[in-house]
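One structure is given here, and the rest of the page talks about it.
The values are calculated or read from the model by the stated rules, or taken from the named source; none is laboratory data. Everything numeric here is computed off the predicted structure, so don't read it as measured data. Cβ atoms come from the backbone with ideal geometry, glycine included; neighbour counts cover every protein chain shown. Side chains are part of the model used for accessible areas, which takes the heavy atoms of the whole protein and leaves out ligands, DNA and RNA. Shrake-Rupley method; radii C 1.70, N 1.55, O 1.52, S 1.80 Å.
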Amino acid sequence: MLEIKNLHANINGKEILKGINLTVKPGEVHAIMGPNGSGKSTLSSVLAGNPAYVVTEGEVTFNGKNLLELSPEDRSREGLFLSFQYPVEIPGVSMVNFMRTAVNEHRKYKGLEPMSASDFLKLMREKKELVELDNKLANRSVNEGFSGGEKKRNEIFQMAMLEPRLSILDETDSGLDIDALRIVASGVNKLKSNDNASIVITHYQRLLDYIVPDFVHVLYKGRIVKSAGRELALELEEKGYDWIKKELGE
Amino acid sequence: MEIEQSYIDIYREFHEELKSHSAEVMNQGRDAAFDQFVASGFPTQRLEAYRYTDVRSCFAADYGMNLRRVPCLLSPSELVKCNVPGINSHLFFVVNDSFLSDTSLPLSRDMEELMEKGVLWGSLKEHAEKYPDLVARYYGKAVGAKMDGLTSFNTAFAQDGFFLYVPKNVVVEKPVQLINVMHANADMMANSRNLIILEEGASAKFLVCAHTMDKLNFLCNRVTEVFVGKNASYEQYKLEQTNYTMTNFGSLFVKQEEGSHVVINDSTLHNGFTRNTIRVDLDGEHAETLLCGMAIGDREEHIDNTTYINHNVPNCHSRELYKYVVDDSSVGVFAGRVLVKEGAQKTEAYQSCKNICMTKEAHVYSKPQLEIYADDVKCSHGATTGQMDETALFYMRARGISEKEAKMLLMLAFMDDVIEKISVEALRNKIRLLVEKRFRGELAKCSGCVICKE
């Protein structure tokens, strides 16, 4: 589904990603962990097509297409979804309008007719329940005045609406209390199927108690330095990242 | 003075004829205004109030003037199509600078009722002839004795325009809509004059639309005086949807008495070269005023909104909100002066101007000016000019929304708080739609205005 080969990327001339290799197959959940500044969020931004980052080397294929050639909107329409670490507030654009535009652009890309207003509202109602999103929030401007937890739930709600094939959850657990974490994780789990996959980026093992990964990768200084099964997350929790640094001879 | 000279010559040669086609009340101050114009000329960029807008050179082109009042061949029924759809209004037209007398259409029942209550509306010239005392009591009084070049020029040359008089405690529920249409077979200049009087406790909403029917070079220099009596309520919405060959100067003078309430909202969606000057005098305590406006510019469009709010007495409240989105190499200008006179304590005055430049070539000059001579007041101003929010743009694109659509949604959202302040629901919805179409590039010229379609 996703194949990243030797990916290098810069921001403002500073190299952050220094040769990432990663393969994700349908039905898999990958966790990417790593200390601050290792390049986790850069990786998710580059995959989503954030124009602030420049890819200098390497290739990424997504469903057989060259991902790096696609605009951010086409990546989304191809089924890539990024749950933002810091969801953006957009005053004056209502959630309903925002989501309807997004859903219909996805449909247009697939050659489908726009959704009728009543079908759309029905879909919204259904998906909102998944993350227990308050009805009132849907009528407000996108993320404006939402609490940290509401913003993250709103990300998962959008994910449910767009039904991506690959979702990248960038620190979705940060700023969440334990109840919100459970709601968000259960939303993600309900959306899981054999055809879609997720990359979960996190600092802590905590989220991985709820979203169980098939693979755990450690990102350090712009490279994946260690990959293993879910037991690696527990080991990291216990020993910290210094252990990895020692292994690397630092 | 070479630009002015041709107009000076016209006046000297034709002033008798010009006067004979206007009303005595309007002629009284004409020569004095002309003398002022001769002394000042058109405003130049050396004047602080016109620093970013070169008005004078707009008059260099050779425009025709209709001093002999050759009647327009349009019938009102042809123009009725110009009505903003869905707005149930009392509709009037000024074609170029003449009020279009509408004898072909029957008066509606509610129009008759209002006229029975003493409401007067129609041609300023005709009303100045019929009610000279009433018109003389107000005409030129909001403008004042000292005029700038545009206003003195208008006062010297204007022969007609729109007149509205709402007597004490009469409420005109439906908006009164005036459509200024430019229509000619050669380049043309129009100097029209409007006079609006609301007596104590009266209420009216006034919509003004500017349209052009021909792709000729047109210049309008319109002056409107508004008198809002004690506890009266007046709202004015102006919509400009003209084209690149239009030069539009509008000067609005508002005088507010005690406890009166005024809303002025100007939307410039398509234009050529526009300068709107608004001066509000708060002459009675507890008067309130809200000035807002939006301007959307592209190509070489130039939009200047210059406002003056004079807090002449204590306890008045004023707010201003202006927003611009300028694209290509268009230019936006906002200058807002708030003057709080000595002794005007407990004044509250807030001003905000926010702008987005879509390109490096687009410019906005925004100039807030507060002049305060009282010590117990609340005044603030804020002006920001920036680019579109890149993080919001990326967020929307990451959800599959195209860059173009995302920009459109963001610009529409940006303008929304100005649109929200339109109290006439049908107009608010219409403007929202027009703004959306404008940002989508679907609004070539007047949409919803059949006669303007090529």
In order through region A:110-118: 3J(HN,Hα) via Karplus (6.51 cos²θ - 1.76 cosθ + 1.60), integer Hz, x for Gly, Pro: 8, x, 9, 5, x, 6, 5, 4, 6
Interface area, A with B, accessible, probe 1.4 Å, both sides summed, Å² nearest 100: 1800
First compute the accessible area of region B:287-370 with a 1.4 Å probe, then give the percent of it belonging to carbon and sulfur atoms. 45
The simple spin-label model distance between A:Lys122 and A:Tyr204, using points 7 Å out along Cα→Cβ, in nm, is 4.1
For residues of A:82-89, the mean tally of beta carbons on other chains within 10 Å: 3
Comparing each residue of region B:386-408 in the complete protein assembly with the chain by itself (heavy atoms, probe 1.4 Å, ligands and nucleic acids ignored), those losing at least 30 Å² of accessible area are B:Phe394, B:Tyr395, B:Met396, B:Arg397, B:Ala398, B:Arg399, B:Gly400, B:Ile401, B:Ser402
Run the simple label-point estimate for A:Val55 and B:Asp35 please: 7 Å along Cα→C-beta, distance reported in nm. 7.8
Inter-label distance, nm, simple model (7 Å from Cα along the C-beta direction), A:Lys245/B:Ala383: 5.2
³J(HN,Hα), Karplus 6.51/-1.76/1.60, whole Hz, each residue of region B:260-275, x for Gly, Pro: 7, 9, 10, 10, 10, 9, 10, 10, 10, 9, 9, 7, x, 10, 10, 9
Whole-Hz ³J(HN,Hα) from phi, Karplus 6.51 cos²θ - 1.76 cosθ + 1.60, for region B:43-58, glycine and proline x: x, 10, 6, 6, 7, 4, 5, 10, 4, 9, 10, 8, 6, 4, 5, 4
Kindly state, to the nearest 0.05, the FRET efficiency for A:Asp134 paired with A:Tyr86, given R0 = 22 Å and r defined as their beta-carbon distance. 0.60
Based on the alpha-carbon gyration tensor of chain B and its eigenvalue square roots a ≥ b ≥ c, which shape applies: rounded if a/c is under 1.5, prolate if not and a/b is larger than b/c, or oblate? rounded
Yeah, the protein assembly as shown with a ≥ b ≥ c from its alpha-carbon gyration tensor (a/c under 1.5 is rounded, else prolate when a/b outruns b/c, oblate otherwise) is prolate
With every protein chain kept in place and ligands, DNA and RNA left out, what is the accessible area per residue of region A:25-120? Probe 1.4 Å, answer in Å². 41
Rounded to the nearest 10 Å², the accessible area of A:Phe215 using a 1.4 Å probe with every protein chain kept is 80
Are there GluC sites (Glu not before Pro) in region B:247-318 that DSSP puts in a loop and that have at most 15 other Cβ atoms within 10 Å, and which ones? B:Glu285, B:Glu300
At R0 = 51 Å the Cβ-Cβ FRET efficiency linking A:Ser147 and B:Glu2, nearest 0.05, sits at 0.15
Inside 10 Å of the C-beta atoms of A:140-150, what's the mean count of C-beta atoms belonging to other chains? 1
Using R₀ = 30 Å, calculate the FRET efficiency as 1/(1 + (r/R₀)^6) where r is the Cβ-Cβ separation of B:Glu348 and B:Asn429; round to 0.05. 0.45
With runs of 4+ DSSP H residues as the only contributors, calculate the mean residue ellipticity of the protein assembly as shown at 222 nm using -39,500 (n - 2.57) per run, divided by the residue total and rounded to the nearest 500. -8500 deg cm²/dmol
Heavy-atom accessible area, 1.4 Å probe, ligands and nucleic acids excluded: residues of region A:60-74 down by at least 30 Å² from chain alone: A:Pro72, A:Glu73
Mind jotting down the distance between the C-alpha centroids of region A:164-232 and region B:419-436, whole Å? 46
Among A:16-29, B:402-415, the order from most to least packed when residues are scored by Cβ within 10 Å on average: B:402-415, A:16-29
Once neighbouring chains are kept in place and the probe is 1.4 Å, which whole percent of the accessible area of chain A is contributed by carbon and sulfur? 46
